[in-house]
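Novice: Before I ask anything, let me first share the structure, which is written out below as structure tokens.
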Amino acid sequence: MNWGGLLLVMILLSSLVPGLIIFALPERSNRPRTFLNLGGAVLKLLLILLMIIGIYQGRHFEVRWQLLPGIELALNSDPLAALFSTLSTVLWLLTTLYAVGYLEQSPNRRQFFGYFSICVTVTVGIALAGNLITFLLFYELLTLTTYPLVIHRGTKEALAAGRVYLVYTMSGGAVLLVAVAWLQVLAGPVEFGRAPFLASVAAEHEGQLIVLFFMFIAGMGVKAALVPLHGWLPRAMVAPAPVSALLHAVAVVKAGVFGIIRIVHDVYGIQYAAGLNLLLPLSILASLSIVYGSLCALREDDLKKRLAYSTVSQLAYIVLGVSVAGPMAAIGGLVHLVHQGLMKITLFFCAGNLAETLGVHRISEMNGIARRMPLTMAAFSIGALGMIGFPPMAGFISKWYLGMGALAAGKMWVVAILAVSTLLNAAYLLPILIGAWFKPQDCTWPEQGVTARLETRWMLLVPPLVTAFLVVAVGLLANAQISPLAWVKLIVGMEYGP
Amino acid sequence: MPDTAFWAVCLVVVPLFFAIICFVRSSLVAVLGPMAAWLNAFAALGMTFSFVHSGPIRYAIGGWQAPLGINFSIDGLSVLLIAMTAVTGLAVSMYAIGYFSLRIGSAREISRHEHQRAYFWPLWLLLWAALNGLFLSADLFNIYVTLEITGLSAVVLTALSGKAAARLAAMRYLLVSLLGSCSYLFGVALLYRTYGTLDMTVLSRLISPAPLMWVSLALLTTGLLLKTALFPLHFWLPPAHANALAPVSAILSGLVVKASLYLMLRLWGDVFAPVLPLSAYVLPGALGCGAVLWGAGQALLQKRLKMLVAYSTVAQLGYMFIALPLIRLDAGSSAWEAVIFLIMSHACAKSAMFMAAGSIFLKAGHDRIDDLDGIKEVLPVTSFAFVVAGVSLMGFPPSGGFIGKWLLLGVSLSSGQWWWGIMLVIGSLLAACYVYRVACHLLVFKAPFYSRREFIPPVMEWSALLLAVLAMILGLFAGYPLGLLEAGGPFPAQACLEVMP
């Protein structure tokens, strides 16, 4: 194995090994567990940085492990993989910190943090997967490792949500398995990063390839929560806040969307997919999800549920951007992968803080809450304004590129969808902000007895402030050389050619 | 250095010898039994290495040739199954040490445990010797003898628990097993009458479509299907496997059914393959589909853990029969490889599951699935082992089951008969459903869990986990066993080449 390959394996091991050790530690040993968790996260971040520096220097990391002829596990560091793995790793570090604070008193932490670590290993595995089989392997493992987290509370609702989650994701996984096997029969093993892959397959398979495309979208769409496959996501809200953050920003939905990007960019190739007229149905599906998700969010009074529906809508932006088939729109979609993650995780951290500190779960209870928890609500407001698309925040950049891309591709209706969606975003997020900042408190909060010098425990407060800062930073510094936008432009430049 | 033949003879003689000693000197079983298990595993290891070194052989014991003597034919398939038996058998043996050393309940119960141990070891070693002999034998009559010994010792092992339900199940098992053996023996006699030989390699060259051949094939197949418990002949299996003692259940489900299955594969995949039309393979395939659906459906309805695991065996056996038509269709050897992966991975996973279920039963005092919430607080390793084993039964990557499913799916899609592949996927979704039924109780946190005070020895927990993890990561190391299969050369690859028109 070469050194570069070793680096990729180390990136996976840096969270797998702590996870396994945590399982072996007794429940009471909190300090070693926290040390392992944070140590693993920091180490992973450093390794990822090393990888990115390597990529900037024009190096290519790869490692392969042959199971059988035709079945090969491969890890690969193309720029898209680097984008997703960096996002996951950064957010994981913050989420771990948050989870340590959040679960300070609760039982069964050993299991929680064990699975938590393994879950991130698997997510980064998805990011780094170098071919379709490796992707499938990690994609299926992600289902398994997130399930114990979803049912962590062990209540009836949690178990029911876990069941729904499994039904959706397992069925999606089965469809995906068939699709991958079928494609392999038609075209041999599918490697990522060597697009356009399918152009080499003879034209006589076109019919099958069209069917396959929709099977892939169905398989990935479950995790990506595309309407009508989104049913599990709002229900999974019973899980603890760090898990919601994980589901919505770091791992699960991102894995689904990332898969769709891989299918469109690396397996079919934009030109080829557009040639088969596959992208229009995909963008219609995405548009439906955008509008429907927002409409559902409007109806919800439960804060976390509203945010969950908002995820359904926001994720579809990414799919929309990829499916509009123009470089500008693709930039908008891909960069939203990062921006949505930052904004959504901020919102969920804040929602968790409100629930953990004040016992507030409903939007109708949030009037005047900003006076009690100004820092939390400031972070929340930044996240929410970003979602709506106020300049100069992250969401604005995404929407700007999406809109420009749609115009460039001559698709006015996409611009209309974006406008409607922005209005809807404002309609379900602004009232929360107005209530929190400007209305007087009109009900008593069942304080949860958190004693801290600040408005809540520092471990709960730091992560949302950092992510809120990042939301502003990636917007303001979008043109800097190290911003996600610059990185995404590099990726799209490779896909669409110079 | 001893050669393959030496190790092969050891693999039969050593367990047989120890079985006899254990039987006459029952005071020594606690020492001799485990010792024999280790020796067996060592011999299997020795044979594997020597096989890798020198390739497949045929060996006539004592130099006596076919009609009188006993011939061994050792190829990749034999070696893999011997190795599988050794690994699973060793883990079960370790588990059994812990299991029979438990001191539970009244003085009477303890003395019953002693009694059970005194019979378990000789019978299990006898069974092991017979299994090894079966996988090594070259001709169908020797196989009959080993099959019969396997069946009889399995029946007695089933009855060992002494409960009324177990005795009834064992009785039924005995009748089925005898019926199956009879049918098989008639088939063998007819073959001998027609071709004058029972050596499988020779037979596969001589075989020609003739009325007597068809009758004999029907008899052989019926006998083997009865013993393998393929749907709808599975009725005896769930009660027998569920009511036996935990280590016995693990042996029965993990290994014993594989003996007749192996023979079925040899006959349908190799010996009779040149004359059988493709349409003939639809029958086992269709029955396999039935088994997958029925077994999984029944598993979903069970209230008791061990019954659920037993029905899961019915379903999983169906999988391996779905592979039969695909073996016939496949131009290469990937369907063969797939079915071998399914067998090996099922042996590990299912034994682990029964071992875990046994520990859970002992600790909780019952095995009602719905009342197991929180058991992971008292048996964390065991609960985890059960879930991991379940995941590998579902065919999740990177388990051996996944490799098997993947290869079969590929064959079925490329050969145009995609429905077999779809059936496999449906089967694994159903497996996911019944595993989930248990897993959601095993994973959930609930304190405090009421349990008996008995201490489950760590060896019982860890042997189950080890097997489960082995089943789970088998896929990552798929290259090695398949290398063995190909190094063995003649068997699958060439047989399939002959089959091809």
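The values are calculated or read from the model by the stated rules, or taken from the named source; none is laboratory data. Just so it is clear, the structure is predicted and the values come from calculations on it, not from any experiment. Glycine gets a Cβ as well: all are built from the backbone with ideal geometry, and neighbour counts include every protein chain shown.
For every residue, the table says whether it meets (1) assigned to a helix (DSSP H, G or I); (2) surrounded by fewer than 22 Cβ atoms within 10 Å (Cβ to Cβ); (3) modelled with pLDDT of 90 or more.
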position: B:G410; (1), (2), (3): yes, no, no
position: B:S428; (1), (2), (3): yes, no, yes
position: B:R452; (1), (2), (3): no, yes, no
position: B:L466; (1), (2), (3): yes, yes, yes
position: B:L470; (1), (2), (3): yes, no, yes
position: B:Y480; (1), (2), (3): yes, yes, no
position: B:F491; (1), (2), (3): yes, no, no
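Novice: Just a yes or no: is a residue in region B:413-422 touching a residue at least 12 places away in the same chain (Cβ under 8 Å), touching a His at 6+ places or on another chain (Cβ under 7 Å) and within 13 Å of chain A (Cβ to nearest Cβ)?
Specialist: Among the residues of region B:413-422, not one is touching a residue at least 12 places away in the same chain (Cβ under 8 Å), touching a His at 6+ places or on another chain (Cβ under 7 Å) and within 13 Å of chain A (Cβ to nearest Cβ), which makes the answer no.
Novice: Looking at (1) within 20 Å of the chain's Cα centre (by Cα); (2) not in a helix (DSSP H, G or I), which one does A:R64 not meet, given that it meets all the others?
Specialist: Condition (1) is where A:R64 drops out.
Novice: Kindly indicate whether B:L442 is within 30 Å of A:A160 (Cβ to Cβ) and either within 7 Å of chain A (Cβ to nearest Cβ) or surrounded by 18 or more Cβ atoms within 10 Å (Cβ to Cβ) (or both).
Specialist: Answer is yes for this residue.
Novice: Quick one: is A:L136 at the interface with chain B (Cβ under 9 Å from one of its Cβ atoms), out of contact with any Phe, Trp or Tyr (no Cβ under 7 Å at 6 or more places or on another chain) and modelled with pLDDT of 90 or more?
Specialist: Against the criterion (at the interface with chain B (Cβ under 9 Å from one of its Cβ atoms), out of contact with any Phe, Trp or Tyr (no Cβ under 7 Å at 6 or more places or on another chain) and modelled with pLDDT of 90 or more), A:L136 qualifies.
Novice: Would you kindly identify the helices (runs of 4 or more DSSP H) lying entirely within region B:64-176 that contain at least 1 residues that are of a type in the set (K, R) and free of Cβ contacts under 8 Å to residues at least 12 places away in the same chain?
Specialist: Fully inside region B:64-176 and qualifying: B:107-136.
Novice: If you don't mind, another one. Looking at B:I360, B:I327, can you tell me which residue is without any contact (Cβ under 8 Å) to a residue 60 or more places away in the chain and buried (at least 24 other Cβ atoms within 10 Å of the Cβ)?
Specialist: B:I360
Novice: At least 1 residues that are in contact (Cβ under 8 Å) with a residue 12 or more places away in the chain, touching a Lys or Arg at 6+ places or on another chain (Cβ under 8 Å) and more than 10 Å from chain B (Cβ to nearest Cβ) in each: list the helices (runs of 4 or more DSSP H) lying fully within region A:144-255 that qualify.
Specialist: Those helices (runs of 4 or more DSSP H) span A:156-187, A:232-235, A:241-245.
Novice: OK, next. Regarding region B:234-246, can at least one residue be identified that is more than 30 Å from B:S111 (Cα to Cα) and surrounded by 22 or more Cβ atoms within 10 Å (Cβ to Cβ)?
Specialist: yes
Novice: Something else about it: With within 17 Å of A:L337 (Cβ to Cβ), more than 14 Å from chain B (Cβ to nearest Cβ) and either among the β-branched types (V, I, T) or surrounded by fewer than 22 Cβ atoms within 10 Å (Cβ to Cβ) (or both) as the only criterion, which of A:V90, A:V100 stands out?
Specialist: Sole residue among the options that is within 17 Å of A:L337 (Cβ to Cβ), more than 14 Å from chain B (Cβ to nearest Cβ) and either among the β-branched types (V, I, T) or surrounded by fewer than 22 Cβ atoms within 10 Å (Cβ to Cβ) (or both): A:V90.
Novice: Any residue at all in region A:412-432 that is more than 27 Å from the chain's Cα centre (by Cα), within 30 Å of A:S289 (Cα to Cα) and modelled with pLDDT of 85 or more?
Specialist: yes
Novice: So which residues in region A:392-425 are surrounded by fewer than 23 Cβ atoms within 10 Å (Cβ to Cβ) and assigned to a loop (DSSP other than H, G, I, E, B)?
Specialist: Within region A:392-425, A:P392, A:A409, A:G410, A:K411 qualify.
Novice: Determine, yes or no, whether A:T376 is more than 21 Å from the chain's Cα centre (by Cα) and within 24 Å of A:T89 (Cα to Cα).
Specialist: yes
Novice: While we're on this one: Restricting the search to region B:28-64, which residues are hydroxyl-bearing (S, T, Y) and either in contact with a His (Cβ under 9 Å, 6 or more places away or on another chain) or modelled with pLDDT of 85 or more (or both)?
Specialist: Scanning region B:28-64 gives B:T48, B:S50.
Novice: Given B:H346, B:H366, which one is surrounded by 23 or more Cβ atoms within 10 Å (Cβ to Cβ) and more than 11 Å from chain A (Cβ to nearest Cβ)?
Specialist: After ruling out the rest, the residue left standing is B:H346.
Novice: Checking B:V257 against (1) touching a residue at least 40 places away in the same chain (Cβ under 8 Å); (2) assigned to a helix (DSSP H, G or I); (3) over 15 Å from B:L317 (Cα atoms); (4) of a type in the set (A, V, I, L, M), which single condition isn't satisfied?
Specialist: Failing condition for B:V257: (3).
Novice: Turning to a different aspect of this structure: Return yes or no: is A:R59 outside any helix (DSSP H, G or I), modelled with pLDDT of 85 or more and more than 30 Å from A:A239 (Cα to Cα)?
Specialist: So A:R59 fails the test.
Novice: If you don't mind, another one. I need a count of the residues in region A:87-139 that are among the polar types (S, T, N, Q) and assigned to a helix (DSSP H, G or I).
Specialist: Within region A:87-139, residues that are among the polar types (S, T, N, Q) and assigned to a helix (DSSP H, G or I) number 9.
Novice: Can you work out which of the residues in region B:388-410 that are β-branched (V, I, T) and within 9 Å of chain A (Cβ to nearest Cβ) is farthest from B:V435 (Cα to Cα)?
Specialist: Here the answer is B:I403.
Novice: Taking the conditions exactly as written (closer than 22 Å to B:I343 by Cβ and touching a residue at least 12 places away in the same chain (Cβ under 8 Å)), does B:L39 satisfy them or not?
Specialist: no
Novice: Something else about it: Can you tell which of A:A286, A:A325, A:A273 is at pLDDT below 90 and either in a helix (DSSP H, G or I) or over 16 Å from A:W413 (Cα atoms) (or both)?
Specialist: A:A273
Novice: State all residues of region B:280-307 that are of a type in the set (A, V, I, L, M, F, W, C) and out of contact with any Leu (no Cβ under 8 Å at 6 or more places or on another chain); if no residue qualifies, say none.
Specialist: B:A280, B:V282, B:L283, B:A286, B:C289, B:W294, B:L301, B:M307
Novice: A further question follows. Could you list, in sequence order, all residues of region B:226-254 that are among the hydrophobic types (A, V, I, L, M, F, W, C) and over 14 Å from the mean Cα position of the chain (by Cα)?
Specialist: Across region B:226-254, the qualifying residues are B:L226, B:F231, B:L233, B:F235, B:W236, B:A240, B:A242, B:A244, B:L245, B:A246.
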